[in-house]
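Here the structure comes first, spelled out in structure tokens, and everything after it is commentary.
Nothing in this text is a laboratory measurement; each read-out follows from the coordinates by a stated rule. All values derive from a computational prediction rather than experimental measurement. Methodologically, a virtual Cβ is constructed for each residue, glycine included, from the backbone with ideal geometry; neighbour enumeration extends over all protein chains shown.
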Amino acid sequence: MRASLFITCYNDTLFPETGRAVVTLLERLGVEVEFRPAQTCCGQMHANTGFRGEAFSLAKQFVRLYADAKAVVIPSSSCVAMIRDQYPALIDELGNQDLRRDFDALLPRVHEFSEFVVDVLQVENVGAYFPHRVTYHASCHGLRALELGDRPFRLLKNVEGLDLAPLDHLDRCCGFGGTFSVKNAEVSSAMMTAKLQDVLATRAEFCTALDNSCLMHLGGAMHREFAAMRTIHMAQILASTREHPAEVL
Amino acid sequence: MIHPVLDPKLAPPFPKAALPVLRNPQLRKNVAHATDVITSKRGRLVAEKDDWQALRDAASALRAHVLENLGTYLEQFEERCTAAGGVVHWAADAAEAREIILNILRDENASEVIKIKTMTSAEIQLNPFLAQNGIEPHETDLAEIILQLGKDEPSHIVVPALHVNRSQVRDIFARTMHLPDLSDNPQELTAAARTYLRKKFLTVPTAISGANFLIAETGGVSVVESEGNGRMCLTLPRTMITLAGIEKVIPRYRDLEIMLQVLARSATGERMNPYTSLWTGVTKGDGPQRFHVVLLDNGRSDILQRERERQTLKCIRCAACMNACPVYRQTGGHAYGSVYPGPIGAILTPQLMKMEYAQSLPYASSLCGACYEVCPVKINIPEVLIDLRAKVTDQERNEERRFFDPLYLGMRMANKVFASAGRFQAAQRMMRIGLKPLTGKDGWIRSLPAYGARWTMTRDLRGVPQQSFREWWTSRANGKAKP
Ligand code: SF4
């Protein structure tokens, strides 16, 4: 099995450890990982802020770059949601039929990271070891747009040593929302505070998710509040073994 | 509490209008508690229906069908309503609707009018207009009475006084009804309201109502409510005026079967709402003897023209979206500066205003999708929000003052950077160097300048790591290549 990693602009720059973990894990599971250095960004930030033309140019770039890929794996649920839910309308409005055809052919090969592991590789026990109490934040895009369902839980339950702490109000947004967090900074902070209360109440050591954007929000707030809890992308937990424990920052 | 402005032309932008509420813990508690109660009731009631998703599909399809054939059904409604003895008026905008209503009231020599279920009348700001013209409007919905007497504005579609608690209600009633000894016992409060209302019901011969549904097949109108005050308004007066948006029509009488099921469960978490009133034209010796329907466009036919935004008009005003919305839960309804708050208000209001006002509303969402998940007629609110954001941006981007606006500048620059991997990599390096002086020993940034300060107001930011993923990948590949 060969898979192309679309790391996303965000992870590439700010969360390289997540990318390294994805590579480590997929290789451990027998996947030949390739990385196309021409990649940059899926255009989510532009699209969600109303810059449709700009978002389209990035959508086109993405479709062209991966047209011949066997599989594209993306460790960010909101970027996958962008591709699945927003690309079709963008391409129909600003693109042409050829591009739409290429996109339709590519889409079934675009996978969110946990989908790829559970649905494509058909693995639920990845042989990970992570002896900590962990709570899982179901980011809005993973929960509603991608309908990941219990896939993340199935993966976490099979991690040796992991103590899964249930989170109250699992379906509630952390208040990040990309530019929402600065455009409506006060409202975003209020939503974050409410979420943080639930997260901290789990008394977990780590809060994990399949999207580093929520984790950057919650992690930034935890750091500001001197909370003992830390955030970690789920790929890092799954990549972690006795011999090579996760790099915890 | 500052008196809220619910006029999209005058209201401050959402982030600013939200501040007084964010700084009012009691109010936030009231809103969070009330929405918690309703959402959990709704959740239970929806869960007991195995065919909920099928019902939702049916309701959605029905509303979409109506919008595709709106002209046909409205004409049918007019014809049948007229045949049953009603008079149908068409109002292109708010001003026209107000004039039509004023003229009817003048013909009736009315100096007072009782009102029920008239959110649409709030949309056209009817009450102040009537008052200016010497006609006193009296709200009769319990929540609306509280707001009218307290000189407050509604903050929710189904529970307009959601932000007011019981002791505040007592104070308002005690003051305005001259009942200094009134306690905040719910029974006493209800009794006071009842005494106040009885007088109005028995003495004011003219009423204005809204409509939940207009039924094309029969030319009839339906209003659903929980208190029965609506029914008094609909049956006791001599003259009835119903004001309704043109999108309120449904084809057949039997379509109520679906609509009433999804509406009651979504709105108040009940199997069926306590009072459902249906009336058709006039009947000699029974109920109002003169009946007018004012069909209001006020921007709706423009919305209808736009393919993706058209779904906005499927709305049946159940308010499930605002109860589920994490933004609404923090800010309540007044922050939206419109009679339509919450996610539906965020997409409806700017469109009714022809996208000239309320342009901050499409941004008042984190796009979490909770609204779409609960909407009984499946309006994809996030999709419409994003579309409206594109409209706002298209309108604004050519304005001179936007040229140096940090957001516009940043978005344009980011796009140039993302267009090439080389430029992107250079930008990553620049970011690392640029943020270095702001990064503490522990690798975290505590305070960002300019626009970024809005992030570090309440959150720290992790500094940019020494090596990007792509740099790691390259170095690893090089390492592997070596013998
Ligand atoms: S948009 Fe949907 S959920 Fe919101 S009020 Fe309208 S029908 Fe109800």
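Tabulated data
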{"item": "Along principal axes, Cα extents of chain B, largest first, whole Å", "result": "101, 56, 51"}
{"item": "Percent breakdown of C-alpha pair distances by 20 Å bin, ordered from the shortest bin, for the protein assembly as shown", "result": "16, 46, 28, 9, 0, 0"}
{"item": "In order through the stretch B:429-445: 3J(HN,Hα) via Karplus (6.51 cos²θ - 1.76 cosθ + 1.60), integer Hz, x for Gly, Pro", "result": "5, 4, 5, 4, 5, x, 8, 3, x, 8, 8, x, 4, 7, x, 10, 9"}
{"item": "Ordering of B:188-197, A:209-218, B:463-472 by burial proxy (mean other Cβ atoms within 10 Å per residue, highest first)", "result": "A:209-218, B:463-472, B:188-197"}
{"item": "Relative contact order of chain B, pairs being alpha-carbon contacts under 8 Å that are 6 or more residues apart, as %", "result": "21 percent"}
{"item": "Degrees between helix B:406-418 axis and first principal axis of chain B (Cα, 0 to 90, nearest 10)", "result": "50 degrees"}
{"item": "Averaged over B:408-419, number of beta-carbon atoms from partner chains that fall within 10 Å", "result": "5"}
{"item": "Normalised contact order of the stretch B:306-434, rounded percent, pairs of Cα under 8 Å and 6 or more residues apart", "result": "21 percent"}
{"item": "Residue order, fewest to most surrounding Cβ atoms within 10 angstrom, among B:Leu142, A:Leu25", "result": "B:Leu142, A:Leu25"}
{"item": "Aspartates and glutamates whose Cα lies under 17 Å from that of B:Lys9, excluding same-chain neighbours fewer than 8 positions away", "result": "B:Asp93, B:Glu123, B:Glu153, B:Glu356"}
{"item": "Computed over the stretch A:171-249: relative contact order in percent, which uses C-alpha pairs under 8 Å that are six or more apart", "result": "25 percent"}
{"item": "Debye log10 I(q)/I(0) at q = 0.14 Å⁻¹ for the stretch B:231-353, Cα point scatterers", "result": "-0.81"}
{"item": "Given B:Lys115/B:Lys199; A:Lys183/B:Lys441; A:Lys195/B:Lys29, the pairs whose alpha carbons are separated by over 18 Å", "result": "A:Lys183/B:Lys441"}
{"item": "The stretch B:330-415 pair-distance distribution - Cα-Cα, 5 Å bins, rounded %", "result": "3, 14, 22, 21, 18, 12, 7, 2, 0"}
{"item": "Sorted peptide list for B:179-186, B:304-311, criterion being average Cβ within 10 angstrom, highest first", "result": "B:304-311, B:179-186"}
{"item": "Whole-Å semi-axes of the ellipsoid equivalent to the stretch A:114-249 (Cα gyration tensor, √5λ, descending)", "result": "25, 17, 12"}
{"item": "Nearest 10 degrees, 0 to 90: helix B:94-107 Cα axis against chain B principal axis", "result": "10 degrees"}
{"item": "Debye intensity ratio I(q)/I(0), log10, the stretch B:272-326, q values 0.23, 0.25, 0.28, 0.29 Å⁻¹ (C-alpha model)", "result": "-1.00, -1.03, -1.09, -1.12"}
{"item": "Three-way shape call for the stretch B:1-95 based on the alpha-carbon gyration tensor, with the a/c threshold at 1.5", "result": "oblate"}
{"item": "Cβ neighbours within 10 Å from other chains - mean over B:324-331", "result": "6"}
{"item": "Averaged over A:188-194, number of beta-carbon atoms from partner chains that fall within 10 Å", "result": "6"}
{"item": "Shape parameters for the stretch A:47-167, alpha-carbon atoms, Rg then Dmax in Å", "result": "16.9, 51"}
{"item": "Gyration tensor (alpha-carbon) shape descriptor, chain A, a/c threshold 1.5", "result": "oblate"}
{"item": "For B:Ser360, distant residues with modelled amide H under 5 Å away", "result": "B:Phe14"}
{"item": "Relative counts (whole %) of C-alpha pair distances in the stretch B:58-104, using bins that are 5 Å wide", "result": "5, 18, 16, 18, 21, 14, 6, 2, 0"}
